[in-house]
Every structure is written in C-alpha cells, then in structure tokens.
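Engineer: Below: one structure in structure tokens.
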Amino acid sequence: METPLFRRQGRGVTLTPSGELLKERVNAALSYLVDAVAEATLPQQPLGVSLAANTAMSHLWLSPAVNAFRRHFRDEALHLRLVTSDRSSDLIADDIDIALLYDSPPRPGWQLEPLFEECLFPVAAPHYLDQQGRHLASADALLEHRLLDFERIEPNWVNWGRWFSALGIEAHDLAPEGVFNSYSLLLDAAEQGHGVALGTRHQIDARLTDGTLERLGAFQVTTGCHYWLALRHDSQANHAAQQLADWLRRWVIQQHTS
C-alpha cells in the first residue's frame, strides 16, 4: 500500500502528515549520525575519574577539596565526573572509581581506608545565640531550643533523637522546629537563625571558622562511624584515581591542622 508523502497545492508542493513524520525521523537520524562521526574524530581525551559521595559530603567537604585539586593541578588534564546520591548503592556503581562512603562495611573489589570519624555537636547562628543564650547547664537543656532536624534516608544516620539517646537522654516528646531532607538545607536554615542543628566535624569546619555558625555548649557525640575513602581495585583510571585519592588524604590533614 502506497503512502502519499506530498500533496500539490496550486503550483506548490507540501508534505502530508506522513511526510512530516518521515522528515522528522530522517532529520533526527542524520543529526545522530553527524554527532557520532564528530565524536569519533575528536582527539582522544585523557581518561576520566568518577568520584561519588553523598549530598552533604559533596557540598560541604568534597567540593572545596576538588576545587583546590583543580587549582593545584591546573596544567594537567584530568576529566572528573562527580556523582552525588544519598543512596549508598549508587556510590559503588560499576562506573565509579572513588567513593566517599559513610559507615561502610568491607566491600569486595574495593580498598577502604578511614578518612575521619564522625563527631556531632550542636551549632547555631551567632545572632540566634545572642537572643537565646550560649550557656547550656546540661545537654537536655537543648530541648528548650528550636531544634532543626533532617530525615534519616538511611537507617545508620544520626539525627537529634539518636544523639540524645547516645547521651542517655530520653527525648520522647522531641518536636523539631523544622525537618529537612537535605543536610545542606538544614545548615542553611541554622545559618539564617531558625534554630539549632547538629554539626558534623570536618564537614562544617569552614562555617565555624568564618563565623556563620557557632558551637552551642561543649556537648558532643562521637558515633563510632567513619567516612571512608574507597578505591575500586579494577579502576580503568588507576593512576589518576590514585593521584586524586592522595590529594583527598592530604586534604583531611591540611584542614585539621590549618
């Protein structure tokens, strides 16, 4: 059965609906072919490194480390792909070379070493503390403050309820002022003076240094969990991945001593 592609209108010729559809499909196919040829004829690019971490680590700790890495090695071509996810399974996908993992068990095919141990303490904006006070007679006095919390996407994450429990404090009536699904948004709310958040050592060191956040009291909980630097054994970007991993190790030490 023949399908008409053109129709005559006076002295002119226009496409039928079938002709328009064929035109779109042919144009798409030709564009795809042009892109494939262009990609195949480009000079070979240096091998890239895929680096993965959860949202908090990516935004608060990893981003400054990677920016410093790029500035230091600006004359060396390194294609870096950053993957951010709060699901641990996404961070160890088959195409990931380096992962920063939280509270990770041993994983076949990966070399794991601890970056730093998790330590959590209350933080708030200076202007919030100017109004509400900086003195804490006891840790449970925090229950009188406006507490900001985050959703536990994974069961091993520590929020206010688990923090109080670690200090032997029952907080059954805990009613946070706000609950966030992102740790970065939580800290932003604390900086704006909306309440008290749990700060994570290393991740918020820069905000403590620049004064946008301040510790409230001396109470803290060392959870026993670590953030781990994980390198895939069969990474195709072995040399570049090792170079970046070495930098991240030094970055921990540098930030701790600066």
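We did not get these values from a lab; they are worked out from the coordinates using the rules stated. Keep in mind the model is a prediction, meaning the values are calculated, not measured. Methodologically, a virtual Cβ is constructed for each residue, glycine included, from the backbone with ideal geometry; neighbour enumeration extends over all protein chains shown.
Engineer: Can you tell me the FRET efficiency between HIS135 and ASP246 if r is taken as the Cβ-Cβ distance and R0 is 51 Å, rounded to the nearest 0.05?
Structural biologist: 0.70
Engineer: Still on this structure: To the nearest Å, what is the center-to-center distance of segment 205-242 and segment 135-165, using C-alpha atoms only?
Structural biologist: Comparing the Cα centres of segment 205-242 and segment 135-165, I get a distance of 20 Å.
Engineer: Taking the number of other C-beta atoms within 10 Å as the exposure measure, put HIS194, HIS135 in order starting with the fewest.
Structural biologist: HIS135, HIS194
Engineer: Residues with beta-carbon under 9 Å from that of HIS226, excluding HIS226: net charge, scoring Lys, Arg +1 and Asp, Glu -1?
Structural biologist: Its environment carries a net charge of -3.
Engineer: How do TRP247, TRP228, TRP61 line up, fewest other C-beta atoms within 10 Å first?
Structural biologist: With the sparsest Cβ surroundings first, the list reads TRP247, TRP228, TRP61.
Engineer: If we count other beta carbons within 10 Å of each Cβ, what is the order of LEU231, LEU198, fewest first?
Structural biologist: Least to most surrounded, the residues fall as LEU231, LEU198.
Engineer: Normalising by the residue count of segment 118-223, find the relative contact order in percent from Cα pairs under 8 Å and 6+ residues apart.
Structural biologist: Once normalised by length, the contact order is 52 percent.
Engineer: Moving on. Given labels modelled 7 Å from the Cα in the Cβ direction, how far is it in nm from ALA218 to ASN156?
Structural biologist: Taking the two extended label points, one gets 3.1 nm.
Engineer: In nm, give the distance between the simple-model label positions of ALA166 and ARG81, each being 7 Å from the Cα along the Cα-to-Cβ direction.
Structural biologist: So the label points at ALA166 and ARG81 sit 3.5 nm apart.
Engineer: Now, a different point. List the residues whose amide H sits under 5 Å from the amide H of LEU147, counting only those 5 or more places along or on another chain, with H placed 1.01 Å from N in the peptide plane.
Structural biologist: Those lying under 5 Å, H to H, from LEU147 are GLU177, VAL196.
Engineer: Next up: Distance in nm between label sites at LEU174 and ALA93, each 7 Å beyond Cα in the beta-carbon direction?
Structural biologist: 3.2 nm
Engineer: Here is a follow-up. With a cap of 12 neighbouring Cβ atoms within 10 Å, and only residues DSSP puts in a loop, list the GluC sites (Glu not before Pro) found in segment 155-238.
Structural biologist: Passing sites in segment 155-238 are GLU170.
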